[in-house]
1. Please determine whether any residue of region B:381-404 is buried (at least 20 other Cβ atoms within 10 Å of the Cβ) and within 16 Å of ligand 5 (Cβ to nearest atom).
2. Are any of the residues in region B:639-655 small (G, A, S) and in contact (Cβ under 8 Å) with a residue 60 or more places away in the chain?
3. Answer with yes or no whether A:M148 is touching a residue at least 24 places away in the same chain (Cβ under 8 Å) and either open to solvent by 10 Å² or more (accessible area, probe 1.4 Å) or over 30 Å from B:S35 (Cα atoms) (or both).
4. Could you grab me the full set of residues in region B:406-430 that are within 9 Å of another protein chain (Cβ to nearest Cβ) and either under 14 Å from B:E369 (Cβ atoms) or among the hydrophobic types (A, V, I, L, M, F, W, C) (or both)?
5. Let me confirm something: among B:C679, B:C719, B:C712, which residue is within 14 Å of chain A (Cβ to nearest Cβ), open to solvent by 20 Å² or more (accessible area, probe 1.4 Å) and more than 16 Å from ligand 5 (Cβ to nearest atom)?
6. Just the residues that are in contact with a Lys or Arg (Cβ under 6 Å, 6 or more places away or on another chain), open to solvent by 10 Å² or more (accessible area, probe 1.4 Å), assigned to a helix (DSSP H, G or I) and away from chain A (no Cβ under 12 Å), please, taken from region B:488-522.
7. Taking region A:73-92 as the search range and keeping residues that are assigned to a loop (DSSP other than H, G, I, E, B) and within 7 Å of another protein chain (Cβ to nearest Cβ), which one is most open to solvent (accessible area, probe 1.4 Å)?
8. Would you point out the residue of region B:47-64, among those that are open to solvent by less than 50 Å² (accessible area, probe 1.4 Å) and farther than 18 Å from B:V118 by Cβ, that is nearest to the other protein chains (Cβ to nearest Cβ)?
Amino acid sequence: MTVLTDNRAQIIEISKKALPEHIVAFIEKCRQEPEPESQLIAVLHMVQAHFGYLGKDQMKAVAHLLRVPKAKVTGVATFYHFFRLEPRGKILINVCLGTACYVKGAEKIAQRLKDELGIGFGETSKDGMFTLENSRCLGTCGLAPVIMVNDEVIGPLAPDEVPMILERYIKKAKAEAEKSSPQ
Amino acid sequence: MPSSVQEFYQTLVARAEEAFAAREEGKKIVIQVGSATCEHAAGSREVLDEFRKHIISSGRKDIVLRQTGCTGRCSREPIVGVFIPGRMPVKYERVDRELVHDIFVQHVQGGAPITEHVLDAEQNKVSEYEFLFCDSSRCGWQGGLRIKDVFTEKLRAAGVDMERVKVSLASCFGACGKELAGTCSHVLVRPLKILYRVKSEADLDEIVQKQVLKGKIVEQLRVGDEPVSQEFFDVYGDVAFFNRQSRVALRNNGVVDPESFDEFIHYKGFKALATVLERGDPQWVIDEVTKARLRGRGGGGFPTGAKWTSATKNEEKIRYIICNADEGDPGAFMDRSMLESDPFNAIEGMIIGGFAVGAQRGFIYIRAEYPLAIRRIQHAMELCHKYGILGENIMNSGFAFDIEIRLGAGAFVCGEETALIRSIEGERGQPRIRPPYPSQSGLWGKPTVINNAETFANIAAIINYGGEWFNRLGTEKSGGTKVFALAGKVRHTGLVEVPLGTTLREIVYDIGGGVPKDKKLKAIQTGGPAGGCIPAKWADLAVDFDTLTQAGSIMGSGGMIVLDEDDCMVDIAKFYLSFSQDESCGKCTPCREGTTRILEILEKITGGDGTVEDLDRLERLAKLVNRSSLCGLGRAAPNPVLSTLKHFRAEYLAHVVDKRCPSKRCKALLHYEIDAEKCIGCTVCARNCPAECIAGARKTAHVIDAAKCVKCGRCFEVCRFDAVIRT
Ligand SMILES: Cc1cc2nc3c(=O)[nH]c(=O)nc-3n(C[C@H](O)[C@H](O)[C@H](O)COP(=O)(O)O)c2cc1C
Ligand code: SF4
Ligand code: SF4
Ligand code: SF4
Ligand code: FES
């Protein structure tokens, strides 16, 4: 349990600032309902969806607002593979290494991606563009071997198609960056 | 007030039917496009847009566009259906933008199907009529020859143009009642949606004379009730991949629009729930489920009726029900597809389950990796609230029940029921010792029933068609069907639902179309990391919970991976072990340390350093981990090793004795050499070799420096003269 001290109000204020409004509102709603602490994983999902990863300050804020020990937040965040504790690149590539993909040559796709991007699993390219990860199964085994780029599943894929796909996403990201940056 | 439930339901039906009728689909041309994760990956959204544009610019008001979920025909997506009133439904495969244009102009507007792009065009001709005969072992055709052949002969004798008519075999329609089983057979006439019950050759003559020649319905042979999968067969019955299936859990997949409440009602949705709430007797529901001999589809095969009964025996009245949609088996995607393509059905099953066991709250635990499934379930739940199907006083019955979604976060062990419960409570998902079982003490210490998503998907059908009926679909020991996610080295990958007792051969060959590229089938893997590999020579094994266990594998949740001669069994065992080792939650030593040690030995073997003694050590260790681990993950983790050791010992021996990998998969055991006779000195290999260890002048034979070679295989892949030898 969080120890209640004099500066509680202040801590709550700081915590609220660390999180976007909709997450603070969600936590407050949960606090009115039975078993609020059971929503910890849901809250962490929201934080990751918003920031792309779980930062230290955000995890601390979640602990204070949801009133669960910080150690538990860290424990949960590290137990589940889905949670990321480091910032990710603009483009997240998830290579499926599940059985169906494995027997259809997923390792070659993975190797090609590593070669092209110059990074390994769990790493982000220096320019902050790509993060490479692997997954247990994306549930689209019928299309194996597959990768997921941001939210898009691509498959079946041959290693030689990798450079083309990277090129396509770089272009897309650049176009978006140009659109959003003021001239 | 019992009658008010029916009134409530009838109001829903009337409203839905009105909305459905207003679309006038019977008079219009319907273009149907699938929409689910795989379909999207294959480009179905672009296809949908393109059709929309075409319809708008054609200015025609008699063409409508429908969206459905996925039928589970992964390798041929996107699939587009064109339904012209009174004509046979036509489905196209691998549709892209250009094909959309042709389909629209030639078929939709011009009335002429583009035969070469029809789904499974190689075996599928477009005909006017199709007669689908039940070919299941339960069917009681007494007339000697196969009924299909008898009928075809009669058509010929009557001078029918065989181009117009197609005669095919289908899997069980589930239409033979108890008293009829073994005395008759059934035939579905497409596109008329008429089901005939035939007992004798005279009945067949009647159909030829009246139906085929005069176009009149033979009323006295007609079956009144629609079989469970009639709509499905009506749309997809012409394709072998589909008509060899029996769809119960998946009956609406690819038929219904997963985002439309009205369509679900139109296809008998919530009828079962209305029946249950009208009767108001939980015990009756449990009795039907028990009679159905429904066994849990999550892997263990525990009888669902017994599980539900044990929860009701508890004094505690606060109870929970959980739908397990964690689907962690890599290579399985049944639950995803069901939730994406028919979300209301899962919800209906859960509410009925909740009523039967006296639960007030339900939880759906879904993997976070399935965003579309989550969205569709969420959407379906909102509509259910809106129409009084969830919440207080469901369907006016006084029963109150609600469902919440909880997301997994990528931990395989959370599929295990006690771990899953911890995870819903917001904790690290570590299993605990059972007993007590969740049905005694589960979520927050209360009695909790936890069932797999497919288990729930069967419930409404059991209520609608009866427990007896469901029971008959399966084998003596287990009722119903099982959905498999067929993937790996098989021509048609996708979702396959067959009656329990169907053989592996029927699934892989008749439905899956066999192994591509003329390769030889080596094994069939079932049960994922907890299962094993069944050798090709056992392909005639009838699939059931017990038969698979006897064969050294397990049913599991339904992943089925076909392996061919290029797959190394030691490598596959290593693959699964590295999975289990990585996913072990670390709570108990046998699993945490044991899987690590097993994996080390397997790595030693595939690395070329294994000995014959290692095989014995492997077996001992595997049995130890199996006996002494705390939860199912550790207990089942050695299965892939034990089953491959049992069935493919020779392959292990080749690795440790001859230092050879017969399937040429284990890198460390391969050698690359260039055949000087065949090499023409084109230099391609040398230019592609990452280790720069291939030497030779242009137009002279090249040589590999084996000491430097990193065995990447590039040279073998790029040489167009078969000069690189891999041994
Ligand atoms: C490691 C492990 C993973 C499991 N994963 C799943 C899963 O993904 N889905 C599932 O329904 N059951 C899974 N189970 C089985 C569940 O513990 C539980 O038996 C099942 O959900 C009960 O539902 P059923 O009776 O309808 O089969 C898993 C079990 C173990 C030991
Ligand atoms: S068997 Fe493995 S997964 Fe199960 S509790 Fe033990 S360590 Fe955890
Ligand atoms: S690619 Fe084949 S033919 Fe060409 S140099 Fe290499 S081994 Fe010889
Ligand atoms: S296997 Fe790879 S490293 Fe070895 S010779 Fe061939 S290309 Fe070079
Ligand atoms: S194994 Fe790759 S998507 Fe399932």
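1. No, region B:381-404 contains no residue that is buried (at least 20 other Cβ atoms within 10 Å of the Cβ) and within 16 Å of ligand 5 (Cβ to nearest atom).
2. Within region B:639-655 (the criterion being small (G, A, S) and in contact (Cβ under 8 Å) with a residue 60 or more places away in the chain), the answer is yes, since at least one residue qualifies.
3. yes
4. Hits for region B:406-430 are B:L407, B:G408, B:A409, B:G410, B:A411, B:F412, B:C414, B:I424.
5. The match here is B:C712.
6. Passing the criteria: only B:D510.
7. Taking region A:73-92 first, the residues assigned to a loop (DSSP other than H, G, I, E, B) are A:80-90.
Keeping just the survivors that are within 7 Å of another protein chain (Cβ to nearest Cβ) gives A:80-83.
Working: A:Y80: 3, A:H81: 100, A:F82: 70, A:F83: 17 Å².
Filtering region A:73-92 for residues that are assigned to a loop (DSSP other than H, G, I, E, B) and within 7 Å of another protein chain (Cβ to nearest Cβ), the one most open to solvent (accessible area, probe 1.4 Å) comes out as A:H81.
8. Filtering region B:47-64 for residues open to solvent by less than 50 Å² (accessible area, probe 1.4 Å) gives B:47-48, B:50-51, B:54-55, B:58-59, B:63-64.
If we keep only those that are farther than 18 Å from B:V118 by Cβ too, we end up with B:48, B:50, B:54-55, B:58-59, B:63-64.
Details: B:L48: 16, B:E50: 18, B:H54: 25, B:I55: 26, B:S58: 30, B:G59: 34, B:I63: 29, B:V64: 28 Å.
Across region B:47-64, the extreme among qualifying residues is B:L48.
The values are calculated or read from the model by the stated rules, or taken from the named source; none is laboratory data. The model shown is predicted, which means the values in this text are computed figures rather than measured ones. No Cβ is skipped: glycine too gets one built from the backbone with ideal geometry, and neighbour counts run over all protein chains shown. For the accessible areas, the whole protein counts, side chains as well, though only heavy atoms, and no ligand, DNA or RNA atoms are used. Shrake-Rupley method; radii C 1.70, N 1.55, O 1.52, S 1.80 Å.
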